[in-house]
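Below is one structure; the comments refer to it alone.
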């Protein structure tokens with residue numbers, strides 16, 4: 001019966017996963033690739049009948065004119081001084097372009113041209129220009145409007161930069177030309193690899209604000225969550241799942257800073273281009289690895305230590321590669337890094353599916369969040385490789401934030417359940433402790449009566465109540481009396497322990513002679529030492545004054561200390577000393593036993 005149920009749950013999981021992925025991919029493909037009906041063809045976009053307020057902003061993805069290894073000015077374009085090498089699809093990397101049967105290299109420079117015709121006359125327009133690889137200058141006709149870094153025809157004249165730009169302009173006529181000069185001598189790939197959007201200043205401004213607000217929200221929320229989980233880990237260092245949450249939050253926050261609105265420039269204006277690229281690749285590599293460890297922390301029985309160890313070694317190796325090699329080298333392997341991220345993420349989904357099939361608690365919640373993340377990761381890979389379009393950029397950070405919220409709910413519920421269990425156990429322990437105290441008190445009271453009778457009869461016989469006793473009988477009865485007194489003292493200790501817990505101890509403070517109490521204790525324990533090769537000694541200062549104390553408590557303490565010393569001393573001596581020290585009487589018990597361990 002259990003096997004049938006597990007198979008049924010497995011089928012539900014598989015079909016649910018396929019349906020969820022299909023829904024997400026269909027949303028991405030059909031909503032984000034949907035065009036407004038205006039798109040470039042052969043380097044020209046016709047905006048006849050385009051009404052910005054009704055039609056919405058334009059995505060300028062389509063065919064642009066392309067000039068390789070040449071910066072073509074507006075005047076040269078109008079004069080037809082140079083013939084375009086090819087008409088290319090934008091956005092894309094120019095490594096995929098082919099001229100005369102040969103693919104272009106990553107390093108180089110080029111000009112992209114788009115002719116806009118029949119634009120609304122006198123209407124202010126705006127462009128949102130994302131980051132290109134890796135430096136550009138933008139012109140509207142012959143007017144310079146924006147740039148990133150410094151373009152150049154050689155690596156010495158070139159300086160890369162990543163920073164989205166929003167520019168406003170009012171065309172002088174219904175027809176105008178958008179020209180981009182793009183250079184790359186850093187990345188393994190080059191070109192206009194993200195789409196340019198055009199619309200009214202209000203439309204483009206709203207789009208830019210939405211992206212900025214999204215990034216600020218995600219960064220702030222992830223930072224707060226990282227701090228919260230760090231505090232949880234510091235309070236309970238044995239629970240590593242909280243530490244994995246910290247790493248995940250920091251990774252997502254870092255990745256949010258270097259995409260979309262590039263929040264990193266607001267926080268660290270002087271950050272270098274190489275640092276941004278390294279952060280991009282390191283976070284891409286590690287977020288799936290941390291996800292795998294986080295899932296392993298939640299469901300350890302469904303994960304393989306070998307797989308986790310291999311993923312960790314891969315992450316360290318890739319990070320070292322990113323840090324020590326040139327950007328142009330490690331950016332060649334971006335597809336491998338993306339595939340590895342998806343594979344490790346898929347392994348986490350597999351582990352969650354296994355936990356779901358095995359009916360692990362909370363598995364279905366984490367699994368749903370992981371499927372959303374996986375779908376968004378597939379979207380981002382398609383988006384970064386220009387297979388689909390997206391005005392919002394990468395989506396995985398937002399999906400991961402949703403996953404963290406779900407797992408935060410799980411962690412909070414588990415913490416609440418643990419607290420409830422602790423409270424229940426504490427209440428039970430207190431109840432059992434009370435029962436134990438009552439048992440000890442009742443037992444002690446019950447023992448007192450027969451002990452008092454034994455001691456009374458023994459002392460009476462020693463005084464001759466039943467006739468004269470010989471020496472051996474007296475010695476045996478003395479041992480019985482001393483043992484009875486010691487047992488009575490032990491019973492009194494148990495009763496005093498119960499009184500101390502309830503604060504019921506009352507002290508009878510009066511002047512007492514310590515010397516007589518010490519000598520009595522020595523006499524008692526000399527008899528109890530028996531056949532041990534042990535001397536019970538006393539060393540008392542002459543003319544020792546009386547001390548203010550409770551006589552019964554002093555005797556109780558002396559018996560406990562001396563009895564403990566006799567118990568753990570095989571040979572040598574146990575010595576009780578007393579001396580005046582300031583306004584106090586100091587009593588010390590020393591012995592030649594094994595002593596108390598330092599720890």
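The values are calculated or read from the model by the stated rules, or taken from the named source; none is laboratory data. These numbers were taken from a predicted model, which means no experiment stands behind them. In this analysis, Cβ positions are derived from the backbone assuming ideal geometry, glycine residues included, and neighbour counts consider all displayed protein chains.
Worth pointing out:
Residue by residue, here is whether (1) surrounded by fewer than 18 Cβ atoms within 10 Å (Cβ to Cβ); (2) within 20 Å of residue 134 (Cα to Cα); (3) in the same structural domain as residue 162 (by TED's automatic domain parsing) holds:
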{"site": "226", "(1), (2), (3)": "no, no, no"}
{"site": "231", "(1), (2), (3)": "yes, no, no"}
{"site": "252", "(1), (2), (3)": "no, no, no"}
{"site": "255", "(1), (2), (3)": "no, yes, no"}
{"site": "263", "(1), (2), (3)": "no, yes, no"}
{"site": "275", "(1), (2), (3)": "yes, yes, no"}
{"site": "280", "(1), (2), (3)": "no, yes, no"}
{"site": "286", "(1), (2), (3)": "no, no, no"}
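- Note on segment 126-176: residues that are surrounded by 15 or more Cβ atoms within 10 Å (Cβ to Cβ) and in a strand (DSSP E or B) total 21.
- Lone qualifier among 507, 517, 528 - being touching a helix residue (DSSP H, G or I) at 6+ places or on another chain (Cβ under 9 Å) and closer than 30 Å to residue 430 by Cβ: 507
- Verdict on residue 476 being over 21 Å from residue 563 (Cα atoms), modelled with pLDDT of 75 or more and either part of a helix (DSSP H, G or I) or more than 60 Å from the chain's Cα centre (by Cα) (or both): no
- Any hit, segment 71-85, residues being part of a strand (DSSP E or B) and either touching a helix residue (DSSP H, G or I) at 6+ places or on another chain (Cβ under 8 Å) or without any contact (Cβ under 8 Å) to a residue 12 or more places away in the chain (or both): no
- Scanning segment 97-117 for residues that are surrounded by 14 or more Cβ atoms within 10 Å (Cβ to Cβ) and in a loop (DSSP other than H, G, I, E, B) yields 97, 104, 106, 107.
- Lone unmet requirement of (1) at pLDDT below 90; (2) in a helix (DSSP H, G or I); (3) under 23 Å from the mean Cα position of the chain (by Cα) for residue 335: (3)
- For residue 536, the conditions (1) at pLDDT below 90; (2) more than 60 Å from the chain's Cα centre (by Cα); (3) outside any strand (DSSP E or B) are fulfilled apart from (3).
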